[in-house]
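A short reminder: the numbers here are calculations on the coordinates, not readings from a lab. Fair warning: this is a prediction, and the values are worked out from it, not measured in the lab. Here Cβ is always computed from backbone atoms with ideal geometry, including for glycine, and neighbour counts include all displayed protein chains.
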Amino acid sequence: MIIELNGRWTLRQNDSDEPIAAQVPGCVHTDLLAAGKIPDPFVGDNEEALRWIFQDRWTYQREFDLPAEFLQQARIFLCCEGLDTIAHLTLNGKLLGTTDNMFRHWEFDVKSFLVPGMNQIEIRFDSPSAYIENRQKIRPMIYPTAQHQVAAFSQIRKAAFSFGWDWGPCLRHLAADLFAGDQRGAFAGCFHAARSYKPAAGQSLCGRPGRIRSRHRDECPGHPELRGGSHCPGDLSNCGILP
């Protein structure tokens, strides 16, 4: 079972009370452009006039109705395929977690946060510029950049092209892309089957023939004692997973 959350959200700048219509998947720039709040950032030198966008905080928000039977699933996850980049996620006013890397998948166990009926989710994106400045105070990174580029952008796990390139403008996007199951752009999937997760591979040489070792964790709702490479001992139907 999947609860779809693509589509209409609201967007707010910092702590503003003015809601702006937004789309997820999407980003702050495209939502502001669609709302007539900014000019086209790809025209002329508009990119310079729009740098204020990534110097502020932006919050995506929406409500969704959850049927009571959805909460009967063994585990329920919020799966985020794309959060760009420094994001704080709250569900019904409670903090789910924070993210700091746009290149990875994020997953949160949300069953204890959900309630039957109406739920509210918020994703607040912090300024990437402020994040870089704070990281520079801890461990400065000095290297040459183009005149229109942002210095020390390697301090953040965010696509380098968003900080300016010789072929593109400096547009530091703040974007959301949520999904569940195997589809990009959906929300809240229920985990109701055994799965392997946290795969890892390593190699060791040390003067000897190289070896590659793979590791994973298995998890089965019907056998919660199974962890760290164990496997479900029987038919999944015995675990209450399959009918």
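What to note about this one:
- Sparsely packed trypsin sites (Lys or Arg not before Pro) within segment 28-129, loop by DSSP, other Cβ within 10 Å at most 15: 37, 104
- Given their separation in residues at 0.36 nm each and the Cα-Cα distance between them, residue 30 and residue 100 gain 23.0 nm when the chain is fully extended.
- Given their separation in residues at 0.36 nm each and the Cα-Cα distance between them, residue 21 and residue 52 gain 9.2 nm when the chain is fully extended.
- Length available on full extension from residue 63 to residue 142: 0.36 nm per residue minus the Cα-Cα distance, which gives 24.1 nm.
- Label-to-label distance, residue 108 versus residue 45, with points set 7 angstrom from Cα along the beta-carbon direction: 4.1 nm.
- Residue 92-residue 2 pseudo-label distance in nm [points 7 Å out on the Cα-to-Cβ vector]: 2.4
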